[in-house]
Each structure stands twice: as structure tokens, then as C-alpha cells.
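Participant: Please see the structure below; I have some questions.
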Amino acid sequence: MPYRLLKYGLRSRHPEGRMFRSPASLGDEYDVVIIGGGGHGLAAAYYLAKDHGIHNVAILEKGYLGGGGTGRNTAIIRSNYLTEEGARFYQASVELFQGLSSELDFNLFYTERGHFTLAHSPASLRTQRWRAEVNKTLGIDSHVVDPAFIKQKVPEIDLSCGGHQAPIHGALYHPPGSIARHDAVAWAYARGADRQGVEIHQQTAVTGIELRDDSVIGVHTERGYIKTRKVLSAVAGWTPSITSMVGLRTPLVVHPLQAMVTEPLKPWLNSIIVSASMHVYVSQSTRGELVAGASLDPYELTSMRSTLGFAESLAGHLVDLFPCLPDIKVLRQWAGLCDMSHDFSPIMGTTPIEGFYLDSGWGTWGFKATPISGKTMASTIVADRPDPLIEKFGLSRFRDFQLVGEKGAASVGH
Amino acid sequence: MKILTCPINGPRPIQEFHFGGAFRELPDQSTISDDQWADHVFNREGQPGLQVEWWYHVPSGTWFLAERDTSSDTVHRTFLYQQEDHA
């Protein structure tokens, strides 16, 4: 095996080939230009080509592919949301994820783990029960479990939280809750899109969007001007900078969300554990690292710096939940940008600018929505009206006072 | 940012403060349209850059304003709200 790996490493022509091409120059005109080479933009390009036969598409990424929220989340996939529109949408995403490794012919390390949302008070347990009932009516596998069930599934957990937090009263249990390798999702969609003629341009920042009579006619980039009638903004944390180019106002504010991984351990934690009141979510990756995240940073910031205060507080809460962990080392920590909306729901669909489509408001819930947002944005762009699944998520809800009110979102206090 | 300067109490650790969001002028509610009101209620600036924002010093109960760069997280100045400055 090591010899095979060595030979593979020394060979100049790798049998696998590159995952996608890097075109030397930008074209003059595209049917659709997608700003942002993260999971959402890449998925939208893939479904535009595959479902709708639109192949003349360019993805413009100012950094590197999958380097934003796609590569910075904690890779949890679930659909046990609280509102009907939210739960339906994320359930459709879970169903796409389940078949995605085969569809894209790429191992995404998608593994069903079971997802516990811990309740530390009777009030919290009541909300979990509410969520479970909403989920059940929509056919989503989700129910409330007692502390004994949690202890049986996760024997390492300390139900009293070391006496430093309120004890665990129960949990919302969601067996289909999964994790996947987030980088692989971006790469696989990139390869799938590239194979169908989509061009991926990294290191290409958009500097302006050209409008005529409130319609898109082109995009200015660092590498020149491109003519196009349709632009999709899929840049999450950078959305306000893009919408300001077309004079569109949005409710989005940007906060960092921090996460970290520990050194790899033998597999011991099969489930995904979330505690909103302790600001912890944690799972064990297929490489053995514990991947853990906290809550949003408390003030607006468009910067991906991370802080010692975060690492200290998350580590403390992890040890409260799992007393076996104090000697485990933290390998690295990082931050991602969350474009937060008032109702913890995405802002997607058409806009008052003709030909300008928005896929934003991904806050702390973007990764799990990758396949379905790509699919629904592709159909929205083609039909020039919102896909039925995302009708409730339009930007116009903030003009019409029709907010969604999603209280099942991650990392946000309720 | 680890330390913020309260205009009353001087430099204090950031844990003593709450963020109150960007400073925004309240429009005249007797004259504006529904769309303008919705714009005020919901829409925000969001772009990285210099922003005047509300902060609250919890132990002393002091609300004040800070001018902060939201891309570099540097505070340029902090000051108390004066009605006449924003008349």
C-alpha cells in the first residue's frame, strides 16, 4: 500500500485527472453568471445544466472553491425544523443528500448518526415536543426522548452536565440527522458542473453589476467585463456587498460563527449532540476528530478571525457534557461568516431587479441546504419566478410583513 | 476586540458590554409610507466598513455610541448620545 501511494504521488500524470478545468480567460457572454463558488453556487450551476440544459454558465469565485461557509461549517445535516416551510425545505434537502454520493459518483462520507437536541429545562422540552409534532405531520422522523434513552445511546454523556449547567431533562431525537464531508460536496458539484460545460473561475472577484432600466445586462470583474442577463448571488456572508452593487437593501447583518476540531480519536461518539443552552454542538468526523461549534459571536463583524475566549468557553462546555475529554487537545479553530436574517430563514428567489437572483440569508443553516437550494435556485432562474418550495423565503416578505419565524435554527438563542 | 472604552467608566473588558446594533435615525412616522416603514423596520446596511452603533455597559447601565470598523474590528471612538447631534 505505501508503495502504491508513493508511486501515485511521484507520477506526473495522475489517473484521476483534475476535478475541474481552470479556463485561462473569461468568455464574453454567458446565459447565467453565478457569483460565489461555494456549495450553493456550484450546486445551482450543476442543476442548471443537468435539469434545465443550460450549460453556458460561469461561476465567479473571488477566493478558492468552497473556501467560505461551505468549508467552515460543522457539516451537520438535518430537517427537524419548527416551521412547516422550513421543515419541508430541509427535508427535501436531506432526501437529495441521501442519494448524492451515487448521483455525483463521489464519496461524500454521508453518514446517518442520529441527532440529539438536548433540553435543559421543562420549557425547552416543551419546544422540542412542539418541533417533534410539526415534524411528524410532515413525515419527518423526529420524537422526544427521555434522559435514560440518551444515556443508553451516548453512555459517555454526563446528564448532570458536571453540575455547572442545568441537568438534561430530555431531548429531541432525529434519527436521520447526518454528517458529510463538506469539502467533498463542493468538489463533487464542481466536477459535476464542469463535466457539463460550466466554467469555474477562481480568483475572480466581481467589482460591479451593470444594470439598464432595472435589468441586469452584465458583470464587471477584476478580469474584465462579461455580458449576461441573469446573475445569481450565492455569496452568503458577502451578500450585502453584492446587493449594494445593484442598490438593493436587505435585512442581512453579518456575524462570525466559530468552530474547532480536536485531535483524532478512536470512534466513540456516534451521535450528533446539540445543546442550545450550553452553546455546543459536537459530532465525531469519519477521521475521528471531534468537530464542535458554538453560538454566533455577539456583535456584527465581517472577519474570519477566531478568539481564545471562544475556545475556552466551548472547551469548558464540552468537558461539562463529556467528562472524558479534559486531556484531549484542540487541533485548530476557525470562523465563518453568517449572513443573519431576522427570522432565521434564508432569503432566496427573485428580486425587484430583473435578472438578479438572490440565494442568501444562510446564517447558521446553509450547508444542510446545499442540494435543495441549488436545485430550487436553478428552477427559479429558468422560470424567472420562485420555485414553489421557496416561495415563502422571498426578499419581499420584509416589505409585506410576512416573516417566517424559524425557531429551529442552529446556534441562535430563542 | 478585547477592551472597549465606555465614555463614563473608561476601558473595560468586552465581556462587560452588550452590542445594540447599528445606530439608525427613527423616521417621522406620521408622514412615511408603509414601504418606507418596512424598510426602516427590517433592512440594515450589513456591508463591512465604518459603522456607528449602540453599545451597553452592563454593570453601570450606560448606553453609548461607538464608531467601529466592522471589517477590522477596530473602534475609532466612543461617545455618549447627544440629542442635538442627531436632530
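Please treat every number below as a calculation from the coordinates, not as lab data. Just so it is clear, the structure is predicted and the values come from calculations on it, not from any experiment. Glycine also receives a Cβ, built like all others from the backbone with ideal geometry; neighbour counts cover every protein chain displayed.
Participant: May I ask you to compute the full-extension gain from A:H164 to A:E95, defined as 0.36 nm times their residue separation minus their alpha-carbon distance, rounded to one decimal in nm?
Facilitator: 21.0 nm
Participant: From the Cα gyration tensor of the stretch A:9-89, with a ≥ b ≥ c the square roots of its eigenvalues, which class applies: rounded if a/c is under 1.5, or else prolate if a/b is larger than b/c, or else oblate? Provide the component values of the computation, followed by the final result.
Facilitator: Working: a/c = 2.18, a/b = 1.40, b/c = 1.55.
Oblate is the answer for the stretch A:9-89, as a/c is 1.5 or above yet b/c matches or exceeds a/b.
Participant: Can you give me the C-alpha center-to-center distance between the stretch A:240-279 and the stretch A:142-158, rounded to a whole angstrom?
Facilitator: Result: 25 Å between the Cα centres.
Participant: What list do you get for A:C161, A:C324 if you sort them by fewest beta carbons within 10 Å?
Facilitator: Placing the least packed residue first, the sequence is A:C324, A:C161.
Participant: If you don't mind, another one. Could you give the length gained on full extension between A:R212 and A:D146, defined as 0.36 nm per residue of separation minus the Cα-Cα distance, in nm?
Facilitator: Numbers: separation 66, 0.36 × 66 = 23.76 nm, distance 5.98 nm.
Answer, rounded to one decimal: 17.8 nm.
Participant: Please report the Cα spread of chain A along all three principal axes, rounded to whole Å, starting with the longest.
Facilitator: Between the extreme Cα coordinates on each principal axis of chain A lie 64, 63, 39 Å.
Participant: Gaussian network model of chain A, Cα springs within a sub-10 Å range: biggest mean-square fluctuation belongs to which of A:R88, A:R332, A:R305?
Facilitator: Maximum among the listed residues: A:R332.
Participant: Checking the a/c ratio against 1.5 first, then a/b against b/c, what shape does the Cα gyration tensor give for chain B? Can you show the working numbers first?
Facilitator: Numbers: a/c = 2.41, a/b = 1.71, b/c = 1.41.
The shape class here is prolate.
Participant: A follow-up question, please. If we count other beta carbons within 10 Å of each Cβ, what is the order of A:D194, A:D158, A:D105, fewest first?
Facilitator: A:D105, A:D158, A:D194
Participant: So what's the gap between the Cα centers of the stretch A:360-376 and the stretch B:41-58, to the nearest angstrom?
Facilitator: 26
Participant: Report, as an integer, the average count of C-beta atoms from other chains found within 10 Å of each Cβ along A:289-302.
Facilitator: 4
Participant: Mind checking the mean number of beta-carbon atoms from other chains within 10 Å of the Cβ atoms in A:122-132?
Facilitator: Per-residue shielding by partner chains comes out at 0.
Participant: Same structure again: Around A:A119, with a cut-off of 13 angstrom between Cβ atoms, what is the net charge of the other residues, counting Lys and Arg +1 and Asp and Glu -1?
Facilitator: +2
Participant: Continuing with the same structure: Restricting attention to the stretch B:14-87, which chymotrypsin sites (Phe, Trp or Tyr not before Pro) occupy a DSSP loop and are surrounded by at most 14 other Cβ atoms within 10 Å?
Facilitator: Within the stretch B:14-87, the qualifying chymotrypsin sites (Phe, Trp or Tyr not before Pro) (loop, at most 14 other Cβ atoms within 10 Å) are B:F23, B:Y81.
Participant: Which value in deg cm²/dmol, rounded to the nearest 500, describes the helix-derived mean residue ellipticity at 222 nm for chain A, given -39,500 (n - 2.57) per DSSP H run of n ≥ 4 and division by the residue count? Could you put the intermediate results ahead of the total?
Facilitator: Numbers: 10 runs with 113 residues, N = 414.
Result for chain A, helices only: -8500 deg cm²/dmol.
Participant: Only helical DSSP H runs with n ≥ 4 go in: add -39500 (n - 2.57) per run for chain B, normalise by residue count and round the 222 nm mean residue ellipticity to 500 deg cm²/dmol.
Facilitator: -3000 deg cm²/dmol
Participant: How about the stretch A:195-278: which GluC sites (Glu not before Pro) there are in a DSSP loop, with at most 15 other Cβ atoms within 10 Å of their Cβ?
Facilitator: Here the GluC sites (Glu not before Pro) that fit, given the DSSP loop and packing criteria, are A:E222.
Participant: Kindly state, to the nearest 0.05, the FRET efficiency for A:L308 paired with A:E263, given R0 = 22 Å and r defined as their beta-carbon distance.
Facilitator: It comes to 0.75.
Participant: Further question on the same structure: Using 30 Å as the Cα-Cα cut-off, could you pick out the over-long pairs in A:K136/A:K368; A:K62/A:K375; A:K151/B:K2; A:K7/A:K329; A:K62/A:K136; A:K368/A:K392?
Facilitator: Cα-Cα > 30 Å for A:K151/B:K2; A:K7/A:K329; A:K62/A:K136; rest within.
Participant: Now for a different question. Give the order of A:H52, A:H174 when sorted by the count of other beta carbons within 10 angstrom, beginning with the fewest.
Facilitator: By the 10 Å Cβ count, ascending: A:H52, A:H174.
Participant: Taking amide H positions as placed in the peptide plane 1.01 Å from N, state which residues far from B:G21 in sequence (5 or more) or on other chains have amide H under 5 Å from it.
Facilitator: B:W54
Participant: Please list, in chain and number order, the residues 5+ apart from B:G49 or on another chain whose amide H is under 5 Å from its amide H, with Hs placed from the backbone.
Facilitator: It is B:T70, B:S71, by chain and number.
Participant: HN-Hα J couplings of the stretch B:22-28 from phi, Karplus 6.51/-1.76/1.60, θ = phi - 60°, integer Hz, Gly and Pro as x?
Facilitator: These are the phi-based 3J(HN,Hα) values: 5, 6, 9, 6, 7, x, 6 Hz.
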